[in-house]
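Here's the structure we're looking at; comments come further down.
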Amino acid sequence: MNTADPKIQQSLYARHEKIYPRQAHGRFARLRVLSILVLLGIFYGTPLLRWDGHQAVLFDLPARKFYIFGLTLWPQDFVYLAGLLIVAALSLFFFTALAGRIWCGYACPQTVWTEAYIWIERKIEGTRSQQMKRDKAAWSWDKFRVKAIKQTLWLVFSLWTGFTFVGFFTPINELAASFIGFNLGPWETFWIFFYGFATYGNAGWMREQVCEYMCPYARFQSAMFDNDTLIVAYDDMRGEPRGPRKRSVDKSAAGLGDCVDCTLCYQVCPTGIDIRDGLQYECIACSACIDACDEVMDKLGYDRGLIRYTTENAIQNKPSKILRPRIVIYAIILAIATITVFYDLSQRVALDLDVIRDRNQLYRETNEGLIENVYTLKILNMDDNPHAFILSVEGITDLELFTDVDNIYVNAGTVSELIVRLRADEANLSAQSASVSFRLQAQDANHLIVEEEARFLGPRK
Amino acid sequence: MNDMSGMQIPFRQKCIVTLWPSFMIAIVATGLFFSAFDPSELYPYNLDIEINVVGAYTLGFFIFWALSAISSAITLYFAITNCRKIHADQSSHSPS
Ligand code: SF4
Ligand code: SF4
């Protein structure tokens, strides 16, 4: 769809009218509820899990450490997080090409929370028609009461959401303790309200407008589509000409298609579109219209699937292919990226060594006539245990290494600095600058080993 | 064509297109920046402010947000002011 078309732009920015989606019942509605409950459960439940004496998943910003179950990531490991994000993006591409906007319909936080807020709204305000009637009516005590209850529930739910969100970044039991004791820190308070307010606004008020105006994915997902992508579509060859009829009427004798023009598919749509107008940018593939239409078809004794999951090709009676170059290419890229990230992660060494040359002096000549270079070593022990380390260096014949401590001992999760002097005979230096390689090895753990290159400078040759 | 002049974009949408993309960029920028720099090592002039680490992240986030919002706003301004129309207005004022 060409979003640069001024007409579409006009309609995109048109005045908004509230959409009252009617509740859909059916197999996809159940699947959606299941998916939404699981995802909400994961969000609200994860910060409460414990692992080895700490919160299982904690992006501990104050301490600058990310705990993900058994794994502890440091700012140095940022590249793994970036890698995981790339894998997530590639999976989104892959699944979009394969199955269209299933992400939008079943898993996007926008959808998940919107459905939760709509659920609360329905519990308090009643069905679609009750809501529409009440909103049209003048303000009354009853209207005020109903609205006030809904807003209160929405706000409480938002605050809980904001609280849980902050609980991913600061230990949630401390957070809960200070929350109960009314002594939350100013920043935590701020973020709870900020995130809670964002949830309240997006899921309570903005809803489908987030998808239409704000979501980047919604804008570019069509680039991943082809005629074999799974979409929700109306079979107009079967449905048209549409029109109401009595159940007793023989449709072919009356010259009618299967669509009885009950507009239920439109009434259930959370984005307020009529799927019978064809594939539209607004459609988030929530499949509510499939359920609504199937129910009608069942009542009339017609076959289900006038609106169904299908492909552009299938609707036009052409064969659909699952394996096609686009899918294969996305799959290969995704597989390579996933394997790379997880392999690298499995090879990750919880030890980091930084070598910094002394900036004041290029080199020094000792009394014995040797050339000396001085370095500062920063040792970061990212392991969960303290370790003693053995330091060695190579790269120049008879290179000697001196440190100002006898034992290199670094506590768990801390950085230690060490001054190191290297001495070499000038005769063994073939150039003004030579490369040396430090090797640091934990005494009690073979896998904790790192090497780091550095320059050794001597007199001009 | 992509001529959006003459079209009234509601104020609310203007806010969305300025504040929202910059918000996303600010999250990325904050993540990148603070994974490279530890706020507790960042107080350059021994500032006498009592601010904890989370506060520093928050401040950084809002600075990034503000900067990218300015950029978005300028982009929006350029996109909705039609240069050809300005040009036409100017030439109609000239004597010829
Ligand atoms: S359009 Fe965007 S915001 Fe809406 S459901 Fe899809 S991914 Fe989520
Ligand atoms: S048209 Fe799309 S968004 Fe609307 S109910 Fe059907 S699947 Fe959902």
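The values are calculated or read from the model by the stated rules, or taken from the named source; none is laboratory data. Predicted model only: the values in this text are computed from it and were never measured. FYI the Cβ positions are ideal-geometry reconstructions off the backbone, even for glycines, and counts take in every protein chain you see. These area figures cover heavy atoms from the full protein model, side chains too; ligands, DNA and RNA do not enter into them. Shrake-Rupley method; radii C 1.70, N 1.55, O 1.52, S 1.80 Å.
Quick test of your reading of the structure: A:Ala97 fulfils all but one of (1) buried (at least 19 other Cβ atoms within 10 Å of the Cβ); (2) under 22 Å from A:Arg22 (Cβ atoms). Name the failing condition by number.
Here A:Ala97 meets the rest and fails (2).
Being in contact (Cβ under 8 Å) with a residue 24 or more places away in the chain and surrounded by 15 or more Cβ atoms within 10 Å (Cβ to Cβ): is that true of A:Val415 here?
In short, no.
I'd like the residue in region A:215-263 that is within 14 Å of chain B (Cβ to nearest Cβ) and among the aromatic types (Phe, Trp, Tyr) and, out of all such residues, is farthest from B:Trp20 (Cα to Cα).
The initial filter retains those residues of region A:215-263 that are within 14 Å of chain B (Cβ to nearest Cβ), namely A:215-220.
Filter once more, so that each one left must be among the aromatic types (Phe, Trp, Tyr): A:217, A:220.
Details: A:Tyr217: 14, A:Phe220: 17 Å.
The extreme case among them is A:Phe220.
Taking the residues in region A:104-131 that are not in a helix (DSSP H, G or I) and not small (Gly, Ala, Ser) as candidates, determine which candidate is farthest from ligand 1 (Cβ to nearest atom).
So, considering only residues that are not in a helix (DSSP H, G or I) and not small (Gly, Ala, Ser), the one farthest from ligand 1 (Cβ to nearest atom) is A:Thr127.
Which is of a type in the set (Val, Ile, Thr), part of a strand (DSSP E or B) and open to solvent by 30 Å² or more (accessible area, probe 1.4 Å), of A:Thr376, A:Thr397?
From the options A:Thr376, A:Thr397, the qualifying one is A:Thr376.
Checking the conditions here, which among A:Gly201, A:Gly185 is of a type outside the set (S, T, N, Q), within 16 Å of ligand 1 (Cβ to nearest atom), in the same structural domain as A:Val112 (by TED's automatic domain parsing) and under 30 Å from A:Leu49 (Cα atoms)?
Answer to the selection: A:Gly201.
What number of residues within region A:250-265 are closer than 28 Å to A:Leu34 by Cα and surrounded by 18 or more Cβ atoms within 10 Å (Cβ to Cβ)?
2
Given A:Thr403, A:Thr397, which one is under 30 Å from A:Ala63 (Cβ atoms) and either in contact with a Leu (Cβ under 6 Å, 6 or more places away or on another chain) or of a type outside the set (Phe, Trp, Tyr) (or both)?
The match here is A:Thr403.
Determine which member of the set A:Tyr330, A:Tyr363 is assigned by TED's automatic domain parsing to the domain that holds A:Gly413 and touching a residue at least 40 places away in the same chain (Cβ under 8 Å).
Sole residue among the options that is assigned by TED's automatic domain parsing to the domain that holds A:Gly413 and touching a residue at least 40 places away in the same chain (Cβ under 8 Å): A:Tyr363.
Run A:Lys147 past the list (1) free of Cβ contacts under 8 Å to residues at least 24 places away in the same chain; (2) within 30 Å of A:Glu17 (Cα to Cα); (3) open to solvent by 50 Å² or more (accessible area, probe 1.4 Å) and report the number of the one that doesn't hold.
(3)
Do we have any residue at all in region A:393-400 that's among the small types (Gly, Ala, Ser) and either at negative phi or modelled with pLDDT under 90 (or both)?
No, region A:393-400 contains no residue that is among the small types (Gly, Ala, Ser) and either at negative phi or modelled with pLDDT under 90 (or both).
Might you let me know whether region A:341-361 holds any residue that is on the phi < 0 side of the Ramachandran plot, out of contact with any helix residue (DSSP H, G or I) (no Cβ under 9 Å at 6 or more places or on another chain), open to solvent by less than 80 Å² (accessible area, probe 1.4 Å) and within 16 Å of ligand 2 (Cβ to nearest atom)?
no
Just give me the residues in region A:207-228 being within 16 Å of ligand 2 (Cβ to nearest atom) and free of Cβ contacts under 8 Å to residues at least 40 places away in the same chain, in sequence order.
Passing the criteria: none in range.
Results for (1) outside the structural domain of A:Ala24 (by TED's automatic domain parsing); (2) within 22 Å of A:Phe28 (Cβ to Cβ); (3) more than 16 Å from ligand 1 (Cβ to nearest atom), shown as yes or no for each residue.
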site: A:Thr229; (1), (2), (3): no, yes, no
site: A:Ser248; (1), (2), (3): no, no, yes
site: A:Cys265; (1), (2), (3): no, yes, yes
site: A:Asp291; (1), (2), (3): no, yes, yes
site: A:Leu300; (1), (2), (3): no, yes, yes
site: A:Ile322; (1), (2), (3): no, yes, yes
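Please tell me if A:Leu85 is part of a helix (DSSP H, G or I) and either within 16 Å of ligand 1 (Cβ to nearest atom) or more than 14 Å from chain B (Cβ to nearest Cβ) (or both).
Spelling it out, A:Leu85 is indeed part of a helix (DSSP H, G or I) and either within 16 Å of ligand 1 (Cβ to nearest atom) or more than 14 Å from chain B (Cβ to nearest Cβ) (or both).
Looking only at region A:197-243, how many residues end up being in contact with an Asp or Glu (Cβ under 6 Å, 6 or more places away or on another chain), open to solvent by 20 Å² or more (accessible area, probe 1.4 Å) and in a loop (DSSP other than H, G, I, E, B)?
Selection size over region A:197-243: 2.
Anything in region A:28-67 that is within 14 Å of chain B (Cβ to nearest Cβ) and in contact with a Pro (Cβ under 6 Å, 6 or more places away or on another chain)? List them, or say none.
Within region A:28-67, A:Arg64 is the sole residue that qualifies.
Looking at A:Cys286, is it within 16 Å of ligand 1 (Cβ to nearest atom) and either touching a residue at least 24 places away in the same chain (Cβ under 8 Å) or at negative phi (or both)?
So A:Cys286 fits the description; yes.
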